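Novice: Quick one: structure below, then a few questions.
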Amino acid sequence: MRTLITGGAGFIGSHLCERFLRDGHEVICVDNLITGRLQNIDHLRDNPRFTFIAHDVSRPLHVDGPIDNVLHFASPASPIDYLKYPIQTLKVGSLGTHNMLGLAKAKRSRFLLASTSEVYGDPEQHPQREDYWGHVNCVGVRGCYDEAKRFSEAIVMAYHRTHGIDTRIVRIFNTYGERMRLDDGRVLPNFMGQALRGEPLTVYGDGSQTRSFCYVSDLVEGICRLLQVDFHEPVNLGNPDEVTILQFAEEIRDLVGASCRIEFRPLPQDDPKVRRPDITRARELLQWEPKVPRAEGLRRTLEHFRREI
Ligand code: NAD
Ligand code: UDP
């Protein structure tokens with residue numbers, strides 16, 4: 001099996017490269033390093049079944065030989081990153097997805113899109129099921145990411161219906177773990193970095209907004225299972241264990257053993273007030289559910305950040 005992973009030098013992508021190599025695949029990692037890092041894949045580069053191609057997938061890509069799977073994970077993903085690179089985010093979700101579908105069509109590959117819970121926007125339905133169409137402000141600051149992913153889903157379905165491409169769409173909910181960047185601006189690296197440095201923990205708004213955090217190995221297992229089933233509609237993957245952001249700050253502070261205070265900051269525009277996946281579809285289709293409890297996942301991630309800091 002030969003598997004091409006775009007965004008393979010990023011947080012989730014690097015775990016996927018590792019997993020597919022372990023499963024015996026030849027892995028081609030394509031990344032322009034806009035938000036990823038070579039150090040995420042350093043430990044894989046001696047493997048003769050691993051190739052790294054430095055390339056912006058918003059431009060066409062030619063690869064020699066057959067490809068069995070194209071996993072399209074390239075995209076800035078943290079709000080700080082996509083606010084910094086709104087045009088690149090829109091391009092990789094539109095032109096990048098189009099290019100990678102073209103590659104999958106030429107090679108007759110299976111194609112999997114990394115979509116996101118952000119397609120639901122600031123949801124009016126809770127928890128979010130795959131048949132909910134979402135509540136997105138297309139001209140707001142998060143619109144560049146949300147609409148890029150919504151377009152991606154639309155073009156994936158069009159390629160499936162028109163060209164018969166064997167596609168999958170995974171809607172990923174907040175995922176965390178080793179190899180997140182300490183400075184990526186997401187809530188978990190922010191809180192862990194702040195607690196480790198003894199700085200105040202910055203809670204945006206009053207901290208009553210909720211998220212549901214999934215440990216990366218659970219997500220990777222779900223993605224591998226999804227590739228194996230014949231199903232083309234979107235599938236939510238995430239951990240339904242929901243917490244308020246204030247509670248999350250307190251958990252991390254306690255885990256680090258720090259005594260820092262909590263500092264409240266203004267809530268960013270269009271910040272979703274609630275988020276929790278309904279994973280009935282994944283449970284039934286993939287016999288999948290998350291296995292790593294938050295306390296355990298946070299402990300492992302903290303070890304990583306302790307080394308990094
Ligand atoms: P990340 O920023 O660590 O990884 C994204 C990778 O894509 C980076 O290595 C980056 O350099 C690369 N990239 C971006 N634009 C590119 C381009 N034009 N050409 C080539 N490479 C490019 O983020 P992540 O958290 O690992 O997210 C990976 C994917 O999963 C993204 O598509 C994201 O939308 C999706 N996702 C992640 C989460 C999460 O909680 N981590 C949630 C929902 C969806
Ligand atoms: N957040 C926070 N403090 C921070 C960073 C984020 O309170 O230092 C909040 C943010 O407003 C959001 C939640 O944590 O409500 C998750 O933010 P993140 O950027 O991780 O991702 P999102 O789920 O919003 O895409």
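Novice: Just flag the trypsin sites (Lys or Arg not before Pro) in the range 233-309 sitting in loop per DSSP whose Cβ has no more than 16 other Cβ atoms within 10 Å.
Specialist: Here the trypsin sites (Lys or Arg not before Pro) that fit, given the DSSP loop and packing criteria, are Arg261, Lys273, Lys291.
Novice: Taking the Cα centre of the range 3-65 as origin, work out the dipole magnitude from +1 charges on Lys and Arg Cβ and -1 charges on Asp and Glu Cβ, in debye rounded to 20. Could you put the intermediate results ahead of the total?
Specialist: Details: 6 positive and 8 negative charges, 19 e Å.
So the dipole magnitude of the range 3-65 works out to roughly 100 debye.
Novice: Still on this model: Determine the dipole magnitude for the chain: charges of +1 sit on the beta-carbon of Lys and Arg, -1 on that of Asp and Glu, nothing else is charged, the reference point is the Cα centre, and the result goes in debye to the nearest 20.
Specialist: So the dipole magnitude of the chain works out to roughly 520 debye.
Novice: Sticking with this one: For Gln128, enumerate residues with amide H under 5 Å from its amide H, sequence gap 5+ or separate chain, H modeled in the peptide plane.
Specialist: Arg276, Asp278
Novice: What percent antiparallel are the DSSP beta bridges of the chain, to the nearest 5?
Specialist: 10 percent
Novice: Loop-only check: which GluC sites (Glu not before Pro) in the range 202-264 are DSSP coil with at most 12 other Cβ within 10 angstrom?
Specialist: none
Novice: Also, I was wondering about something else. In straight Cα distance, which aspartates and glutamates are under 12 Å from Lys107, not counting same-chain residues fewer than 8 positions off?
Specialist: Straight-line reach from Lys107, under 12 Å: Asp64, Asp68, Asp166.
Novice: My understanding is that a pair violates if its Cα-Cα distance is over 29 Å; which of Lys84/Lys291; Lys105/Lys273; Lys84/Lys273 do that in this structure? Don't skip to the end; give the middle numbers.
Specialist: Numbers: Lys84/Lys291 34 Å; Lys105/Lys273 39 Å; Lys84/Lys273 23 Å.
In this structure, Lys84/Lys291; Lys105/Lys273 lie more than 29 Å apart at Cα.
Novice: Here's a follow-up. Using modelled amide H (1.01 Å from N, peptide plane; none on Pro or chain starts), what sits under 5 Å from the amide H of Ile5, excluding residues fewer than 5 places away?
Specialist: Residues meeting the amide H criterion: Ile28, Cys29, Val30, Leu71.
Novice: Please list, in chain and number order, the residues 5+ apart from Tyr204 or on another chain whose amide H is under 5 Å from its amide H, with Hs placed from the backbone.
Specialist: Those qualifying (amide H under 5 Å, at least 5 residues apart or on another chain) are Arg265.
Novice: Oh, and also: With θ taken as phi - 60° and the coefficients 6.51, -1.76 and 1.60, list the Karplus ³J(HN,Hα) couplings across the range 234-239 in order, rounded to whole Hz; mark glycine and proline as x.
Specialist: After applying 6.51 cos²θ - 1.76 cosθ + 1.60, I find x, 10, 6, 10, x, 9 Hz.
None of the figures in this text is laboratory data; all of them are computed from the coordinates on show. These numbers come from a predicted model, not from an experiment. Glycine gets a Cβ as well: all are built from the backbone with ideal geometry, and neighbour counts include every protein chain shown.
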